[in-house]
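The values are calculated or read from the model by the stated rules, or taken from the named source; none is laboratory data. Quick caveat, the model's predicted, so the values are computed rather than measured. Quick reminder, even Gly has a Cβ in these numbers, built from the backbone with ideal geometry, and neighbours come from all protein chains shown.
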Amino acid sequence: MFVVYFYLSSIGVHASCPIELSPPSVVVRYGESVTVNCTTSETLHTGIGWEATQGGTGLEQVNILPWTVERLTGWDYSPSCYFASDFHEQCVKTLDVVIYKNINIKPSSESDKVLKEGDEIQLLCDIINVAPVQNLTVTWFKGNNVIQRDTFDNRTKIPVDPFSEFTFRATRQDAFPLFRCEADMDLRPGGPKLHVSSPGYSIMVQFGPDISCSVIELNEKETLEETCPVKGNPIPHVKWLKDGQLFDPKTPLRREDAGIYTVEADGLVNVTRNISVLVLCE
């Protein structure tokens with residue numbers, strides 16, 4: 001009969017590296033300080049140490065070893081804590097480090113714009129010297145409505161100058177739109193959620209004058225102004241004439257007022273039109 005004894009050394013059996021990073025990842029603003037602890041519960045080891053471009057250490061026979069940098073001045077950090085032991089294979093854990101810069105928006109233009117109906121304009125939202133750009137979202141608003149949202153696939157860690165572009169085609173339905181762009185950088189859960197908004201950018205759309213009728217029928221006591229409005233931006237100066245004489249379009253009409261009228265509208269352009277008016281009995 002054979003008896004076999006198995007002995008486990010005091011270092012134990014590990015399926016993974018017996019060190020922990022606290023916290024396991026960090027999000028730090030460029031130029032600020034950082035401290036992360038590398039810890040082990042093992043007692044029989046020859047040391048733990050940090051390998052890093054800033055703040056590296058030698059091998060030290062301790063159970064807690066901090067990686068500390070007073071001022072982060074680079075962009076690509078991958079500090080690693082390594083564990084060495086005569087009873088365990090050397091292993092390493094690498095810290096996930098994200099360095100960011102605050103968001104700054106450059107205004108699309110220093111002044112507002114006046115467009116004619118049908119014109120197009122490209123509005124730009126320039127984000128200056130931001131990192132990491134893959135965490136950035138730019139949202140365009142018209143009033144309080146979202147009209148476009150852009151994200152960025154660039155995986156670089158260094159600051160870049162991304163931009164977002166929105167094309168607006170002027171229509172009379174949007175005679176006085178107010179645009180703005182907002183930039184958000186979501187660095188959670190380890191970091192903040194940053195937000196900045198551009199100033200409002202207004203556009204005035206000019207159109208008309210539009211005279212909406214050429215032949216009209218209306219009842220007695222109705223008016224030309226309410227039956228045949230003249231629209232435009234800028235608001236047109238409108239004159240109604242009958243037989244060459246000025247006629248007040250707010251006047252309630254009678255049957256004898258039927259006839260041919262001339263409308264002169266001065267606005268973005270000057271428009272003149274003859275209108276046939278028929279007044280019906282009540």
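Looking at (1) closer than 25 Å to Leu136 by Cβ; (2) in the same structural domain as Pro192 (by TED's automatic domain parsing), which one does Pro24 not meet, given that it meets all the others?
All conditions are met except number (2).
Working only within segment 271-282, note down all residues that are in contact (Cβ under 8 Å) with a residue 12 or more places away in the chain and either of a type in the set (Lys, Arg) or more than 15 Å from Pro229 (Cβ to Cβ) (or both).
Those that are in contact (Cβ under 8 Å) with a residue 12 or more places away in the chain and either of a type in the set (Lys, Arg) or more than 15 Å from Pro229 (Cβ to Cβ) (or both): Arg273, Asn274, Ser276, Leu278, Val279, Leu280, Cys281, Glu282.
If we scan segment 139-156, do we find a residue that is closer than 26 Å to Val27 by Cα, surrounded by fewer than 15 Cβ atoms within 10 Å (Cβ to Cβ), touching a residue at least 60 places away in the same chain (Cβ under 8 Å) and not aromatic (Phe, Trp, Tyr)?
Within segment 139-156 (the criterion being closer than 26 Å to Val27 by Cα, surrounded by fewer than 15 Cβ atoms within 10 Å (Cβ to Cβ), touching a residue at least 60 places away in the same chain (Cβ under 8 Å) and not aromatic (Phe, Trp, Tyr)), the answer is no, since none of the residues qualifies.
Out of all the residues in segment 180-202, which are surrounded by 15 or more Cβ atoms within 10 Å (Cβ to Cβ) and not in a strand (DSSP E or B)?
Leu187, Gly191, Ser198, listed by residue number.
Mind listing just one residue for me: the one in segment 5-22 that is at pLDDT 95 or above and of a type outside the set (A, V, I, L, M) and, of those, nearest to Thr68 (Cα to Cα)?
For segment 5-22, the residue satisfying everything is Ser22.
Taking the residues in segment 161-179 that are over 12 Å from Trp140 (Cβ atoms) and in a loop (DSSP other than H, G, I, E, B) as candidates, determine which candidate is modelled with the lowest pLDDT.
So, considering only residues that are over 12 Å from Trp140 (Cβ atoms) and in a loop (DSSP other than H, G, I, E, B), the one modelled with the lowest pLDDT is Ala175.
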